[in-house]
1. Please verify whether the stretch 230-247 includes one or more residues that are on the phi > 0 side of the Ramachandran plot and not β-branched (Val, Ile, Thr).
2. Taking the stretch 313-325, which residues are surrounded by fewer than 13 Cβ atoms within 10 Å (Cβ to Cβ) and over 22 Å from Val352 (Cβ atoms)?
3. In the set Arg267, Arg310, which member is surrounded by 12 or more Cβ atoms within 10 Å (Cβ to Cβ) and assigned by TED's automatic domain parsing to the domain that holds Glu204?
4. For the list (1) under 26 Å from the mean Cα position of the chain (by Cα); (2) in a strand (DSSP E or B), I need the number of the one condition that Pro268 fails.
5. Under the condition of being crowded, with 18+ Cβ neighbours inside 10 Å and β-branched (Val, Ile, Thr), which residue from the stretch 270-291 is nearest to Thr45 (Cα to Cα)?
6. Select, from Glu62, Glu74, Glu102, the only residue that is in contact with a Lys or Arg (Cβ under 7 Å, 6 or more places away or on another chain) and modelled with pLDDT of 70 or more.
7. Would you check if there is a residue in the stretch 282-289 being under 20 Å from Val209 (Cβ atoms), of a type outside the set (Lys, Arg) and not in a strand (DSSP E or B)?
Amino acid sequence: MSLFRQILVLVFLTGMAYGGYVAYGRLMQNPSVANDNARHRSHTTPVEVATAKTQEITNTVEAVGTTHALKSIEIQAEAAGLVKSIHFTAGKHVKKGDVLVELDSDIQRADVAEAKAALKQAQLQLERAKTLRASNIMAKSTVDQLVASEAAAQATLAKAEQHLADRTIMAPFDGMVGMNRVDAGARITDKTIITTLDDISSIEIEFSVTERMFGSTRHGQKVEATTAAYPHRTFVGTISQIDSRIDPVSRSFKVRALVPNADGALRPGMFMHVSVVLNATEALVVPEEAVIASASSSYVYVVDKGRAERRNVTIGRREPGIAEVLTGLAPATKVVTRGVGKLRDGAAVEVVEATAAAKP
């Protein structure tokens, strides 16, 4: 290449280098709006916020308990004998006075007939004695003796009729009978358990509560109970009985709650998880995820004019997903719920809409 051409190439490269330098200088001195927005976004933290609001919050006590029938007995015979017939089916509802079991009663029927005949004879003798006494033919002492004989005959008849009635076993109240423990033809005594009878129109749940709650537990307080047998159902009742003593070993006292059971879903002996609502008050609450706990205090970030401001707060009761704020916040304050890990006091923030997964 000739010297002239080399000079031309050198001039051309020098011009290009100078033009690039000038362009770069102008670019640095006059940044575009797009670059401003990019730098602004790089120093702004996107956050999600929620509003501090006032709502009812409850003070509850958790416990476990066991169900009991409103009334529950074991059916037994009043006398020994042979089971003649059984008139109930396990798990069925019976009414008061329904016949459950009949025992053999031939001897008792004969005793009743004999007692009736003896009473009739005593009454006839007394009537004749009274007629003779009216004519002064019979002594008054004889009439008195016959009056006593008639009374004794009436008592003997009443006793025989009661023995006969004892051979028929009836339901003493409305309820559900259990499984039969004897069969027709079996010989039983007055100590033999024939079946059980439970009144389950309402169910009592017995559970223990720690002694520190003794002063807060009252009759009529609301109780919510769940059981594994019905995982998606909550049974609601009220406290009906509170024990007068506190166990010195467990430092707890017994409580019974009465739960309506019209459909018979609950049965005696079931394990229940119980929540007792001691009281309900209005409180200022925020989402639990907005609260940051430190070694000495708790705080939240609030959004004020596009900036994050740290506020120390005092936290009270907690419920799933929310926390009560006792001091440090006013109602309707916007608090940061997501993005708090990247914030510092005074940092610029950009409020974004909550994601679908974060929305309640």
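1. no
2. Listed by number, the residues that qualify are Thr314, Pro320.
3. Arg267 is the lone residue from the list that is surrounded by 12 or more Cβ atoms within 10 Å (Cβ to Cβ) and assigned by TED's automatic domain parsing to the domain that holds Glu204.
4. Just one mismatch for Pro268, condition (2).
5. This residue is Val291.
6. Glu102
7. no
Yes/no per residue for (1) polar (S, T, N, Q); (2) loosely packed, with under 13 Cβ neighbours inside 10 Å:
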position: Thr168; (1), (2): yes, no
position: Asp174; (1), (2): no, no
position: Arg181; (1), (2): no, no
position: Thr189; (1), (2): yes, yes
position: Thr196; (1), (2): yes, no
position: Thr210; (1), (2): yes, no
position: Arg218; (1), (2): no, yes
position: Ala225; (1), (2): no, no
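The values are calculated or read from the model by the stated rules, or taken from the named source; none is laboratory data. Worth saying up front: this structure is predicted, and the values here are computed from it rather than measured. Virtual Cβ from ideal backbone geometry, glycine too; neighbours counted across all protein chains shown.
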